Amino acid sequence: MKIKTDFVTNSSSTCFIVMRKGNVTLGEFIKAVGVEANSRFKDIYEELYKLCFKEMTTMDEFIRNHRWHKDGESNEDFIKKCFSVQTWDRVLKAQKSGYNIYMGSLSSDETMIESYFCTESFVIESDKFILDATNAGW
């Protein structure tokens, strides 16, 4: 039997949901995160903003084309399976309040910042948007 003792890697990806009313600016996002304009961490959250808000796919399209989606599976079942019942309830409440629902993914194979957020579970919320990244599989 061989045992690998050098570097071993396993890539991963995770989904996130963006619920938003209108467009969300970088400034609004940074304010919701609570990062000061002169913070050393501001660049990290600017990158997260770009990852989550620049190329958005509607929830229906994202789920329909996702590799974890099973034929005949509803959006509700997919969200409950990949996130939680609480996340599905949040999506329904946001839809009833006029929010548009989008989804995307992060990969551990990309930048260090994307890899970091890929392994974290978090929710960022303001009066204009909710970013739910509680799907982290790590």
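The values are calculated or read from the model by the stated rules, or taken from the named source; none is laboratory data. This is a predicted model, so every value here is computed, not measured. Note: ideal-geometry Cβ built from the backbone for every residue, glycine included; neighbour counts use all protein chains shown. Accessible surface areas use protein heavy atoms only, side chains included; no ligands, DNA or RNA. Shrake-Rupley method; radii C 1.70, N 1.55, O 1.52, S 1.80 Å.
Results for (1) open to solvent by less than 80 Å² (accessible area, probe 1.4 Å); (2) of a type in the set (S, T, N, Q); (3) under 27 Å from Ile44 (Cβ atoms), shown as yes or no for each residue.
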residue	(1), (2), (3)
Glu61	no, no, no
Asp71	no, no, no
Glu76	yes, no, no
Lys80	yes, no, no
Leu106	yes, no, yes
Ile113	yes, no, yes
Tyr116	no, no, yes
Thr119	yes, yes, yes
Ile130	yes, no, yes
Exercise for review: Would you check if there is a residue in segment 33-48 being open to solvent by less than 30 Å² (accessible area, probe 1.4 Å) and of a type outside the set (A, V, I, L, M)?
Suggested key: no
Exercise for review: Run down Val91, Val85 and say which single residue is farther than 30 Å from Asp43 by Cα and of a type outside the set (S, T, N, Q).
Suggested key: Val85
